[in-house]
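See structure below.
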């Protein structure tokens, strides 16, 4: 997939828009919904704002030598440059979050909680 026509000067601007939209959904729906409901709500609201959003975006995970290790399906792929992984839970332990983020490779850019920008070079679009 090519990067959409709308180029984002700063990936943080796109991340802010996704976070703000997520928070607005949280305030409206409150808690207790399945992750899929939250995902569908976020997709709906982001598309209403004119963003290109793909759900369950397929990626192949590669080893450093190019060997395909498996598949990964990103919850959302926004504007051809932002992978969003959603988590629905009652609460999150701050001691657990760093461990979760550490599962991303060191070269993947980490932005706030669990939002990772750009397509890391160890992943490629499934075809």
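The values are calculated or read from the model by the stated rules, or taken from the named source; none is laboratory data. A quick note: this is a predicted structure, and the numbers were derived from the prediction, not measured. Here the Cβ positions follow ideal geometry from the backbone for every residue, glycine too, while neighbour counts run over all protein chains shown.
Is it the case that residue 57 is surrounded by 12 or more Cβ atoms within 10 Å (Cβ to Cβ), more than 20 Å from residue 12 (Cα to Cα), at pLDDT below 70 and out of contact with any helix residue (DSSP H, G or I) (no Cβ under 8 Å at 6 or more places or on another chain)?
No; evaluated as a whole, the condition is false for this residue.
Report the residue count in region 7-22 for those that are at pLDDT 90 or above and over 17 Å from residue 53 (Cβ atoms).
0
Yes or no, residue by residue, for (1) surrounded by 10 or more Cβ atoms within 10 Å (Cβ to Cβ); (2) within 28 Å of residue 9 (Cα to Cα); (3) touching a helix residue (DSSP H, G or I) at 6+ places or on another chain (Cβ under 7 Å); (4) at pLDDT 90 or above:
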residue	(1), (2), (3), (4)
51	yes, yes, no, yes
84	yes, yes, yes, yes
90	no, no, no, no
93	no, no, no, no
110	yes, yes, yes, no
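Considering each residue of region 41-65, count those that are outside any loop (DSSP other than H, G, I, E, B) and under 17 Å from residue 23 (Cα atoms), and give that number.
8
Need the failing condition index for residue 72 against (1) surrounded by 12 or more Cβ atoms within 10 Å (Cβ to Cβ); (2) modelled with pLDDT of 85 or more; (3) farther than 16 Å from residue 86 by Cα, just the number.
(3)
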